[in-house]
Each structure stands twice: as structure tokens, then as C-alpha cells.
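The values are calculated or read from the model by the stated rules, or taken from the named source; none is laboratory data. From a predicted model like this one, the values you see are computed outputs, not experimental measurements. Using ideal geometry, Cβ is built from the backbone for each residue, glycine included, and neighbour counts are taken over all protein chains shown. These area figures cover heavy atoms from the full protein model, side chains too; ligands, DNA and RNA do not enter into them. Shrake-Rupley method; radii C 1.70, N 1.55, O 1.52, S 1.80 Å.
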Amino acid sequence: EFFLVNPNVLVYNVITAITSASGQLFIYYTIKEFGPIVFTIIMTVRQMISICISAYKFGHVISPKAMVGAILVFGVLFYQIRRKWMAKKAKDITDVPVASVVEGGVGNNGSK
């Protein structure tokens, strides 16, 4: 009944479904290709930019207290992201490839 009165709603629902599904595909691709840390950085920066654009576009004034709060929240987020990235980097450096162990590198005494 609602769709009969408002036929444009169906078009908007289809557009929303398509953009939502394609957005999920971009999220999956980003995490698969670049990892969850890069995705977290992208999303955090996107939120910061969105807040700034919204404040500018709608003429909202960000009070000093709100600015300190935003800096604190995003600072903690970036700190956590950096910590995870450093931990992953350290883990990658300390990992010994299995192929070098099997091919006679470590613990094989060079004998065949």
C-alpha cells in the first residue's frame, strides 16, 4: 500500500541496497589486500573528515571542550592502531620461514 502511494521509494530502496552491497565489497577487498590495520586507519580518517565537513557545512561550532574530546578519542584510536601495527611488524620480523628450515637452513647440519 505504501509503495503504491510512493512509487519513488522502490527506486531509493534499490539504490540503497546496491550502494550498501558494493560498500561491503570494498570493505572486504581493503581488509583482504591491505589488512585490518590499514582499514581501521581509513575508517578513522573518514570519520574525522566527516565530522569536519558536517560542522563546516551546517555551520556548527565545535567548542574547545568538544575539540579536546575529539583529539583525545582520535589520538587513542591512532595510538592503538600504531601499537597493533608495530606488534605485527615485530612478529613478521621474528618469524622464520618454514621453507628455510626444510631446505637445510636451520637444524639440518647440511646433511641430505
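Those helices (runs of 4 or more DSSP H) of the chain in which at least 3 residues are in contact with a Phe, Trp or Tyr (Cβ under 9 Å, 6 or more places away or on another chain) and modelled with pLDDT under 85, considering only elements entirely within it, cover 36-57.
Would you mind finding the one in Tyr12, Tyr28 that is surrounded by fewer than 11 Cβ atoms within 10 Å (Cβ to Cβ) and among the hydroxyl-bearing types (Ser, Thr, Tyr)? The match here is Tyr12.
Taking residues in region 29-51 that are within 13 Å of Ala70 (Cα to Cα) and touching a residue at least 24 places away in the same chain (Cβ under 8 Å), and partners anywhere that are open to solvent by less than 80 Å² (accessible area, probe 1.4 Å) and of a type in the set (A, V, I, L, M), the pairs with Cβ atoms closer than 6 Å and at least 6 places apart or on different chains are Thr44/Leu77.
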